Amino acid sequence: MKKTAFTLIGFLMTSLVSAEEKRPNVLYIMSDDHAAHAIGAYGSRLAALDPTPTIDRLAKEGMLFENAFCTNSICAPSRACVITGQYPHTNGAYDLGGKIESERQYLAIEMKKAGYQTAMVGKWHLKEEPGAFDFYTVLPGQGKYHNPEFRVRGEKGWPKDVITYDGYHSSDAITEITLDWLKEGRDEDKPFFLMHHYKAPHDYFEHAERYDEYLADVDIPEPDNLWLENQPKFGSIATRGYNDELVPHIGTSVGNRNPRRSYAVDLPPRFAKDFPENYDPADYTEDEIKRMSYNAYLKTYLRCVKGIDDNLAKLFAYLEEIGELDNTVIIYTGDQGFMLGEHDYQDKRWMYEESMRMPFLIRYPKTIEAGSRTDAIVENVDYAPTMLAFAGIETPDYMQGESFKEICETGNEPEEWKKEAYYRYWMHMAHHDNPGHVGIRTKEHKLIFYYGAKYDGSYRTPPAWELYDLAKDPAENVNVYNDPAYAETVADLKERLGNLRTRVGDTGEDFPELEAILQDFWAYDGDDKAEAITISNEFLSVREQELATRKKK
């Protein structure tokens, strides 16, 4: 009997070790501002340029998500959602001032509790030390593209311990740091959880010199709605002003539309080689300037993307060399999308598709079918629960997101899976002149409410609603909110948006003045529309005064 008991115990121990060995590594790769439509696998107008063969491999050998969305399209809030599994109004990272302390870096904490070795490399952008990780080497703030400095754990303490990678581009340095950790710092007796974050392709898109000639002689395909005349029914008084009086002042531009900030002004001094020799804007029409600016913008952006893709080829090759590639759940995403000229907008922040949508590709050949796709709606608050699920960890109660591991492995949505994504942009008219807004995105429609005010209810822009029929109008060129044929859709989505706000806990109680404005204009009746016209006129006066003051300086 003793022999039998020992045999049984041995068998159980062997089984436990075997189970431990089968736990996958988790590699979460996130680039800054890498839009889904700048990845070949998403089949956009840029796919023919073949900008991302390595990233496309993840789609060929894993699953591509068509409807992955951020809940707030700006760097720090999106990253906070991923690390906490919570919406911005819960974790407190509403804007670029958002920070997540070590004790709230929940994803790393839960992984570590489950026996994972944790590491964070690259762009962190959450102000506080990433102290919940066993190892970190992170850029301070936005960091530099060339000769980057990194903050490391050391004797002086955060944020004083710094190392510099002289002669490196940041994408190369970040990859080298990760490879060095995998080679020298990894505990081979533990599975690893590694967050590998690139600064690129955040503007102003300073790529490595070796890509200077990449796409140099190529005319980049344009979106039709780069040109305002091709989208006369786009937007609302919130984004265009009364009788289009705010068109120059809402949303920074590719061409010269916005006098405060445009790529037509910003790019020529930075990327002179992508403009004609001795470039003088006085020699060209506005359309010609816009086209040149667009091409320079996209080329420098895609050169940064190319640098990421080439570096990932090195990283994947090493994982394959050590036999860990197929034992690693590999995720590639961006912290949000990015406007690549659509609607003549630059940057992100908008709830429009190009900005709200995140690329999300996942490869784990042991359980995920190669070449699979899904149109299931997932949000960045769901990323942490999903990674935890692949590690065999239940979602903690304090996380608001849900695991979509089952969708990854079966291709099917559970019956109770979410049917809508929630969005809210809080940084009203900051940096890129985007009004504050909130909205709901289903598979068929998108309803956006521009309430247009700062946290304290000040600096108001005209409120308005926009509705887009994504099945008929995927480029979001026609706002159908006022179309009688969509009256029932509007009523239904407004009710669902109100219920969704309650369900996710965005009650507005932290900013009562702002919530009062939101509620006052919710019905958007005749009086509301009349007041919106008044606000539009007043804001135009404010903006013109600001520009006049700026010229004097």
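Quick notes on this one:
- Residues of the stretch 302-346 satisfying the condition of being within 25 Å of Asp382 (Cα to Cα) and in contact with a Phe, Trp or Tyr (Cβ under 6 Å, 6 or more places away or on another chain): Ile308, Val329, Ile331, Thr333, Met339
- All helices (runs of 4 or more DSSP H) inside the stretch 471-553 with 2 or more residues being farther than 17 Å from Gly439 by Cβ and not acidic (Asp, Glu): 512-520, 526-552
- Some residue of the stretch 185-199 being assigned to a loop (DSSP other than H, G, I, E, B) and under 24 Å from Val305 (Cβ atoms): yes
- Some residue of the stretch 187-209 being out of contact with any strand residue (DSSP E or B) (no Cβ under 8 Å at 6 or more places or on another chain), exposed (fewer than 13 other Cβ atoms within 10 Å of the Cβ) and under 30 Å from Val478 (Cα atoms): no
- Scan of the stretch 375-399 for residues that are among the hydroxyl-bearing types (Ser, Thr, Tyr) and surrounded by fewer than 14 Cβ atoms within 10 Å (Cβ to Cβ), ordered by number: Tyr398
- Failed item in (1) within 16 Å of Gly62 (Cα to Cα); (2) surrounded by 19 or more Cβ atoms within 10 Å (Cβ to Cβ), with Ser372 passing the rest: (2)
- Against the test of being in contact (Cβ under 8 Å) with a residue 40 or more places away in the chain and basic (Lys, Arg), the options Arg104, Arg79 yield a single qualifying residue, Arg79.
- Summed over the stretch 429-463, the residues that are out of contact with any Leu (no Cβ under 9 Å at 6 or more places or on another chain) and surrounded by 19 or more Cβ atoms within 10 Å (Cβ to Cβ) give a count of 9.
- Selection within the stretch 415-448 - touching a Gly at 6+ places or on another chain (Cβ under 6 Å) and within 19 Å of Thr489 (Cβ to Cβ): Tyr423, Leu447, Ile448
- The number of residues in the stretch 342-374 being of a type in the set (A, V, I, L, M, F, W, C) and under 30 Å from Phe449 (Cβ atoms) comes to 5.
- One residue stands out among those in the stretch 345-368 that are assigned to a loop (DSSP other than H, G, I, E, B) and either without any contact (Cβ under 8 Å) to a residue 60 or more places away in the chain or among the acidic types (Asp, Glu) (or both): the one that is surrounded by the most Cβ atoms within 10 Å (Cβ to Cβ), which is Asp347.
- Residue identified as among the basic types (Lys, Arg), in contact with a Ser or Thr (Cβ under 7 Å, 6 or more places away or on another chain), modelled with pLDDT of 95 or more and closer than 20 Å to His37 by Cβ among Arg357, Arg373, Arg349: Arg349
- Checking each residue in the stretch 58-98 for being within 22 Å of Glu402 (Cβ to Cβ) and part of a loop (DSSP other than H, G, I, E, B) picks out Gly62, Cys70, Thr71, Asn72, Ser73, Gly85, Gln86, Tyr87, Gly92, Ala93.
- Within the stretch 229-264, the set of residues being in a helix (DSSP H, G or I), out of contact with any helix residue (DSSP H, G or I) (no Cβ under 6 Å at 6 or more places or on another chain) and surrounded by 17 or more Cβ atoms within 10 Å (Cβ to Cβ) comprises Ala238, Thr239, Arg240.
- Single residue of Ala216, Ala200, Ala132, Ala238 found to be outside the structural domain of Leu447 (by TED's automatic domain parsing) and either touching a Pro at 6+ places or on another chain (Cβ under 8 Å) or at pLDDT below 95 (or both): Ala238
- Residue within the stretch 494-502 that is surrounded by 11 or more Cβ atoms within 10 Å (Cβ to Cβ), more than 15 Å from Glu444 (Cα to Cα), at pLDDT 95 or above and touching a Lys or Arg at 6+ places or on another chain (Cβ under 7 Å) present: no
- Contacts under 7 angstrom Cβ, first residue in the stretch 56-69 being touching a residue at least 12 places away in the same chain (Cβ under 8 Å) and aliphatic (A, V, I, L, M), partner buried (at least 19 other Cβ atoms within 10 Å of the Cβ) and assigned to a helix (DSSP H, G or I), 6 or more apart: Ala59/Ala41; Met63/Cys408; Leu64/Ala41
- Number of residues in the stretch 380-402 that are in contact (Cβ under 8 Å) with a residue 24 or more places away in the chain and outside any helix (DSSP H, G or I) equals 9.
- The stretch 403-415, residues that are crowded, with 21+ Cβ neighbours inside 10 Å and in a loop (DSSP other than H, G, I, E, B): Ser403, Phe404
- Against the list (1) free of Cβ contacts under 8 Å to residues at least 60 places away in the same chain; (2) within 21 Å of Phe338 (Cβ to Cβ), the condition Lys299 fails is (1).
- Candidate set: the stretch 408-445, residues that are in contact (Cβ under 8 Å) with a residue 60 or more places away in the chain and of a type in the set (A, V, I, L, M, F, W, C); chosen: the one nearest to Tyr468 (Cα to Cα): Ile440
- The number of residues in the stretch 299-339 that are out of contact with any strand residue (DSSP E or B) (no Cβ under 7 Å at 6 or more places or on another chain) and under 21 Å from Met356 (Cα atoms) comes to 6.
The values are calculated or read from the model by the stated rules, or taken from the named source; none is laboratory data. Since this is a predicted model, take the numbers as computed values, not measurements. Cβ atoms come from the backbone with ideal geometry, glycine included; neighbour counts cover every protein chain shown.
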